[in-house]
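Student: Supplied in structure tokens, the structure appears directly below.
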Amino acid sequence: MNRNQVILLVVAIAAVIGLFSLPRVVVDNDNEQAAEFVDESVPGGVVDHSSEVPEEIQPKIDYWKSQLFVNGNMQPENESLDSLMRVFMEINQYDSAAYYAGQFAERFNKIEHWQKAGDVYFEAFTFALDEQKISLLGSKAREAYEKVLEAQPSNLDAKHNIAMTYVAGPAPMQGIMMLRDIIKEDPKNMKALMSMGRMSIQTGQFENGIERFQSLVEYYPNHIEGNFFLGVCYFEAGQMVKAKSQFEKVKTLDANEQVLTAADEYLERIN
């Protein structure tokens, strides 16, 4: 299996398992179909998504907006905000969900609001396809998380996500150094170990991947994604005995059918 096939497998299995600590960023400058990002230069700050909103969904958006805003003023209605965000995210308009979370955080300025804004901006960032959108959303996520870190310097989740915006953005090495610092501070940090391990696979550094995933499964023996990718690293590093044992272990875990099928395919190649 060549490197490109391995990278595609990393993305595919991550999608199956549903654990996305590493941004799923694909830059496509020629993608004319990509949704535009939130444009704060236009009145209200949000791009008109009306042509993309299913007819049955628009009333839900209108209702929760009416609860969140009274006479144009945003109200301290956390439930309305969460409901509005949920509707946008259900139709994959993460940028709009992030915009309202960010506006709410700016208006009411509590740490939990900035955390929520950072999380949804980061989620929007991970799904971004357009380079300009990636840059904007990554910047917005960092701004929100930096507010969190001012009050909670030891918030490693915020640090991790900031690091990942750098990795897939303007300063990859800065992001990698931040991830290493997180692991130094908390050797059991699942997100940082996963991110470093998956980056090792994507860059073909399988020996480094082995080290990261070994640590991960030592602390979290039943971690499905970690166990699977440890097997991938063993396989690509030519350690077939260990790879076979690892994929056999994956088959004993409560994994999805697609993961089990992938493990079987590797076992067939080994045998």
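No value in this document is a laboratory result; all are computed from the given coordinates. Values in this document were obtained by computation on a predicted structure and should not be read as measured data.
Student: Please state the shape class of segment 80-179: rounded when a/c is under 1.5, otherwise prolate if a/b exceeds b/c and oblate if not, all from the C-alpha gyration tensor.
Tutor: On the way: a/c = 2.26, a/b = 1.20, b/c = 1.88.
Oblate is the answer for segment 80-179, as a/c is 1.5 or above yet b/c matches or exceeds a/b.
Student: Taking the Cα centroid of segment 200-255 and of segment 66-118, what is the distance between the two, rounded to the nearest whole Å?
Tutor: Answer, in whole Å: 39.
Student: Here is a further query. Output the pairs from K60/K147; K116/K188; K188/K249 with a Cα-Cα distance over 29 Å in this structure; if there are none, say none.
Tutor: Result: K60/K147 exceed 29 Å.
Student: Multiplying the sequence separation of K184 and A171 by 0.36 nm and subtracting their Cα-Cα distance, what value in nm do you get?
Tutor: Full-extension gain reported as 2.7 nm.
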